[in-house]
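Just below is one structure, and these are the notes that go with it.
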Amino acid sequence: MPSKGHIAIYTQDAKLGHEVKGATRYVYLATLLCEQGYDVDFITSGFQHWDKQQRDIMHLDLSMHPFTVHFIEEPVYPKNMCPQRIWAHHVVSKRVVKFFDEHHAYDLVYCQIPPNDVAREIGKCAHKYGIPFIVDVNDLWPEAFRVALDVPVLSDIFFAPFYKQAKATYQLADAIVGTSQEYRDRGVRDARSGIPNEVVYVGNQLAEFDAGVAKNAVLINKPAGEIWVSYAGTLSACYDLETLVKAIGMVQKTHPEVKLQILGDGAERDNLKAVVQSTGAGVTFHGYLPYDKMAAWLSRSDITVNSLVEKAAQSIVTKIGDYLAAGKPMVNTSMSAEFRAKVESDGFGVNVQPGSPDKLAAAVTALVEDKWHRKQMGEAARKIAEEQFDRPHSYMKTVKLIESLIR
């Protein structure tokens, strides 16, 4: 069967081969496009963002992927937020230009933003060679950086180039896809009037999640009577995990059966362990788990927590699809108006003001003491996962958008 078209997908970070850590959104999209009859070049960094080390490309088994992978050499950087990372992305922005000058026989380019400077340069290349260019808004930079660095005037000056790069990227776009309505609208605001756009949540594959549960849930020893509150994801300054630990410590004074499970790792791990020690809270740190095991732990939990700081720019983050798939009630501290409205309207959880251990403890306690509501919210969560977050269904919107631009 002849190819329906040749597509380039660019993402700065991805989970490839048998890697444990990394984003899977663009890997899944590339695989789906191959299944739909397209040839796909998957272009990404040789630096593994999640492990903060260079990939051993010569020994990385990519045979499971139906697409062709191209690695762009990137300098190392030690942290998510550091000057070295900004420089590394600047270097990549120059190298992707060289790549596309040598490889531009594409029918469409699909590109993640951020990094803003890399996406802008890829957009310029697509425009230069007359290739339709879709921007996938996966995060907002520099808005997300202001969580850690928000100094009047100085931050405005420092972040000005990021805003300029983002605006230039959106103006080059022939279509915008956002992982939330908020992200989609941010791109549309600066894009040319009338270009097509879609909201496609990061989501997950329910079949894969459920297979992980079926394989591993029976291996998890959960003492009778314990109630597990779980957080899954990165331990960073964007996530209000110190408040969560303190809140659980308060809950345990009246409900010692409540235990906090932290499924993930990151720069804040040592700080959180110090908070655990000072509060005496019952917390288990599991580190990063393979996806199938993480799914099982969430399925054995009783409550999930989407714990973000007040100024966090994140909207509907990756973990939401997995939380919903687990079919458990969610306590949400994100101040995203879009997501807070969704929590209430879809009935799968409760919203809490971030930064308040007292309020978070009260919300968790209320759910601990109300098994019926936990069940109702959990059922609502799974229903939303099936209807809106399951990739085999939801990502077809992206495929149709791509088809409309290639024709």
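Read-outs throughout are calculated quantities, based only on the coordinates presented, and are distinct from any laboratory measurement. Here the structure is a predicted model, which is why all the values come from computation and not from measurement. A quick note on method: Cβ atoms are made from the backbone with ideal geometry, for glycine too, and the neighbour counts reach across all protein chains shown.
For a distance above 19 Å, tell me the whole-number percent of Cα pairs in region 206-389 that qualify.
54
What's the FRET efficiency of VAL218 with LYS98 using the Cβ-Cβ distance as r and R₀ = 41 Å, to the nearest 0.05?
Computed FRET efficiency for VAL218 and LYS98 comes out at 0.20.
Which one, VAL177, ILE195, VAL213, projects farthest toward the positive side of the charge dipole computed for region 175-214 from Cβ point charges (K/R +1, D/E -1)?
In region 175-214, that residue is ILE195.
Measure nothing fancy, just the Cα-based angle from helix 181-190's long axis to the longest principal axis of the chain, in degrees from 0 to 90, nearest 10.
Once rounded, one gets 30 degrees.
So for the chain: antiparallel DSSP bridges make up what percent, rounded to the nearest 5?
5
Just to confirm my numbers, what's the Cα centroid distance between region 279-298 and region 46-78 in Å?
Using only Cα atoms to place each centre, the spacing works out to 26 Å.
Mind checking the angle between helix 206-216 and the chain's longest principal axis? C-alpha axes, 0 to 90 degrees, to the nearest 10.
It is inclined by approximately 50 degrees.
Which distance in Å, rounded to a whole number, links the C-alpha centroids of region 202-242 and region 308-359?
16
With each label point set 7 Å from Cα along the Cα-Cβ vector, what nm distance links ARG340 and LYS375?
My value for the distance between the label points is 3.1 nm.
For the pair GLU73/ILE195, report the inter-label distance in nm, with labels modelled 7 Å from Cα in the Cβ direction.
3.2
Within region 12-41, what residues put their amide N at less than 18 Å from the label point 7 Å along the Cα-to-Cβ vector of MET396?
Only 28-38 fall inside the zone, counting backbone N under 18 Å.
Only Cα pairs under 8 Å and at least 6 apart count here; give the relative contact order of region 244-366 as a rounded whole percent.
25
Kirkwood hydrodynamic radius of region 160-205 from all distinct Cα pairs, in Å?
10.9
Show me 44-53, 78-87, 199-208 ranked by packing, highest mean number of other Cβ atoms within 10 Å first.
Listed from highest to lowest mean packing, they are 199-208, 44-53, 78-87.
In whole Hz and in residue order, list the ³J(HN,Hα) couplings for region 366-379 that follow from phi through the Karplus curve 6.51 cos²θ - 1.76 cosθ + 1.60, θ = phi - 60°; x for Gly and Pro.
Running phi through 6.51 cos²θ - 1.76 cosθ + 1.60 with θ = phi - 60° gives 4, 6, 4, 8, 10, 4, 4, 5, 4, 5, 5, 5, x, 5 Hz.
For the chain, with only Lys/Arg (+1) and Asp/Glu (-1) charged at the beta-carbon, what is the dipole magnitude about the Cα centre, in debye rounded to 20?
300
Pulled fully out, how much extra length does the chain show between LEU62 and GLN353, if you take 0.36 nm times their separation in residues and subtract their Cα-Cα distance?
Additional length available on full extension: 100.4 nm.
Given R₀ = 45 Å, what would the calculated FRET efficiency be for ALA267 paired with LYS4, taking r from the Cβ atoms and rounding to 0.05?
0.55
Based on the alpha-carbon gyration tensor of region 34-85, what equivalent-ellipsoid semi-axes (square roots of 5 times the eigenvalues) come out, in whole Å, largest first?
Each semi-axis is √(5λ); the values are 26, 12, 9 Å.
For the chain, with the dipole built from +1 on Lys and Arg beta-carbon atoms and -1 on Asp and Glu ones, taken about the Cα centre, which of VAL76, GLY266, GLN388 lies farthest toward the positive end?
With unit charges placed on the Cβ atoms, the residue in question is GLY266.
Assuming R0 = 41 Å, what is the FRET efficiency of ALA160 and ALA211, from their Cβ-Cβ distance, to the nearest 0.05?
Approximately 0.30, to the nearest 0.05.
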